[in-house]
Amino acid sequence: MSLPRAGVRSDFRRFEELNFDLDELEANLTALSLGLSIQVGNVENLETVATNLVDAINELLTQIKEKTSYGVVSGLNVTAQDVPNMTVNVAEGTIYMQNGDRFEVDTDVITVDTADTTNARKDIIYVNSTGEITYLAGTAAAVPEAPSTPTGGLILAEIAVAANATAIETANITDKRKTITN
């Protein structure tokens, strides 16, 4: 039995049309896939660019604050010793003074004066006008007040020294730093 030629040709043409449609569909899918990869790549690239831009803006804002303000840029926190005694630690850090001077200050250990036997007092630790960490004892009194920070200095901490104190604890230290980011 033989098939009519017209039917075979029709089936063959239909097969060719379907094969062409399949090739065209595969090409479109490949292009779409490639396009999606490029778009995903572009989104990832865009995210990286955006992150870098935000970082650059934040760095610029910090530089502007440093150039137009004064205070502690980093560090310079005053802490009690691990085993409390009559000394405190001052961490290294960077500070801009009111006159525009910038100092990189090294770590220091400050000795607090012996406590009064009757009254409490408030002492201060500050960076002086030459960039040195400096200690200034207050006056013992029934209601003590911290001394004023000397001209040109920037206060870091206030220390409450109780009557007869033999150690400075963390609770006795009040952070008074003016940070440049405030």
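Quick note: the coordinates plus some simple rules give every number you see, no bench work behind them. Quick caveat: nothing in here was measured; it's all calculated off a predicted structure. Quick reminder, even Gly has a Cβ in these numbers, built from the backbone with ideal geometry, and neighbours come from all protein chains shown.
What's the FRET efficiency of THR170 with ILE57 using the Cβ-Cβ distance as r and R₀ = 35 Å, to the nearest 0.05? E(calc), rounded to 0.05, equals 0.45.
If you take the square roots of the eigenvalues of the alpha-carbon gyration tensor of the stretch 137-182 and sort them as a ≥ b ≥ c, do you get rounded (a/c under 1.5), prolate (a/b over b/c) or oblate? Oblate shape, in that a/c is at least 1.5 and b/c is the bigger or equal ratio. Here the average projected area of the convex hull drawn through the C-alpha atoms of the stretch 100-182 stands at 6.1 nm².
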